Amino acid sequence: MTASPVILDVSAELTYDFAGACETLVLLEAARTADQAVRREALEITPAADVRRRDDEVAGERAFVFTAAGRVALNYRARVAVERKLPMLAGAPQSAIRDLPLEALRYLRPSRYCPSDRFELFVQREFAGAGGDKVRAILDWIGAHIDYRSGVSDARATALDTFTDRAGVCRDFAHLAIALCRAADIPARAVSAYAWRLDPPDLHAVAEVHVGGRWILVDPTGKTAPEHLVRIATGADAADIAFLSIFGEATLLEQAFAVTRAEA
């Protein structure tokens, strides 16, 4: 019997004051992928702005750039059916580098917030095994040694800072998991998502690892389950998946996110 999809209603309401006319790259819309279907959605920008789509048709991820000045409000709502298989990490084999798909190779390398080369000796000493078993050991270590606490990190914090401070928020947990997995020669990348039952509601950063010949979503914070995530964007780290990249100056005035479960 095939399990019924999880139906999630997601919304994002953002208001910014732009100091002058500037362009902004937005990653707020639910991705259209094999394991999640956008049943309906609406996007409003007030006042109306010039919008240029920048969707990735291959990955199913969607983005747009708009130009505006002054007070601008963005309102996005969607109903998404998530039908995500839950492969087991335990026993999932690790691929040789030569056998990895081309798109996974870039996620073996250090990136801005995930300096994985700084963790290679630690990973060799701390974690045995390979593949999914090593990923599970890394996640367990993070759960035992890193506290979820806001105010410790900022937007400049890297996985090395989180390793030193032993505390952070979802992006920090994701960055550390990614860096440790890459140091173990396991491709790992960052994913931004809407998450059901997250308290308080917010956009959530998780990780995705390539073991057993496929990508598997994991939440290093342990606060969500993969079937309760609505994927937005995927990238090497937070620099690739930020929900707003403002090429100019702006002040955040209001921000609210919500995720509720709906009936099929």
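The values are calculated or read from the model by the stated rules, or taken from the named source; none is laboratory data. Here the structure is a predicted model, which is why all the values come from computation and not from measurement. All Cβ positions, even for glycine, are placed from backbone atoms using ideal geometry, and neighbour counts span all protein chains on display. Note: accessible area is taken over every heavy atom of the protein model, side chains too, but ligands, DNA and RNA are not part of it. Shrake-Rupley method; radii C 1.70, N 1.55, O 1.52, S 1.80 Å.
Here are some notes:
- Filtering the stretch 102-116 to residues that are open to solvent by 20 Å² or more (accessible area, probe 1.4 Å) and in contact with a Lys or Arg (Cβ under 6 Å, 6 or more places away or on another chain) leaves only Leu108.
- Whichever residue in the stretch 1-31 is aliphatic (A, V, I, L, M) and open to solvent by 10 Å² or more (accessible area, probe 1.4 Å) and, among such residues, is nearest to the chain's Cα centre (by Cα): Leu27
- Restricting attention to the stretch 27-42, the residues that are farther than 13 Å from Arg79 by Cα and touching a Phe, Trp or Tyr at 6+ places or on another chain (Cβ under 8 Å) add up to 2.
- Filtered residues of the stretch 110-143 (kept if in contact with a His (Cβ under 7 Å, 6 or more places away or on another chain) and assigned to a helix (DSSP H, G or I)): none
- Meeting the requirement of 3 or more residues that are of a type in the set (S, T, N, Q), the strands (runs of 3 or more DSSP E) wholly within the stretch 184-264 are 250-262.
- Long-range neighbours under 9 Å by Cβ, at least six apart or interchain, first residue β-branched (Val, Ile, Thr) within the stretch 87-101, second assigned to a loop (DSSP other than H, G, I, E, B): Ile97/Asp185
Quick grid of which residues meet (1) open to solvent by less than 80 Å² (accessible area, probe 1.4 Å); (2) closer than 25 Å to Lys223 by Cβ; (3) of a type in the set (Gly, Ala, Ser); (4) within 18 Å of the chain's Cα centre (by Cα):
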| residue | (1), (2), (3), (4) |
| --- | --- |
| Ile45 | yes, no, no, no |
| Val65 | yes, no, no, no |
| Gly70 | yes, no, yes, no |
| Ala73 | yes, no, yes, no |
| Met88 | no, yes, no, no |
| Leu100 | yes, no, no, no |
| Arg118 | no, no, no, no |
| Phe127 | yes, yes, no, no |
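- Of the residues in the stretch 154-168, at least one is farther than 25 Å from Ala96 by Cα, at pLDDT below 95 and of a type in the set (Gly, Ala, Ser).
- From the list Ala59, Ala92, the one residue that fits, being in a loop (DSSP other than H, G, I, E, B), surrounded by 14 or more Cβ atoms within 10 Å (Cβ to Cβ) and touching a helix residue (DSSP H, G or I) at 6+ places or on another chain (Cβ under 7 Å), is Ala92.
- Selection count, the stretch 75-86, where residues are of a type in the set (D, E, K, R) and either crowded, with 20+ Cβ neighbours inside 10 Å or touching a helix residue (DSSP H, G or I) at 6+ places or on another chain (Cβ under 8 Å) (or both): 1
- Single condition Cys181 does not satisfy, out of (1) open to solvent by less than 20 Å² (accessible area, probe 1.4 Å); (2) closer than 27 Å to Asp9 by Cα: (2)
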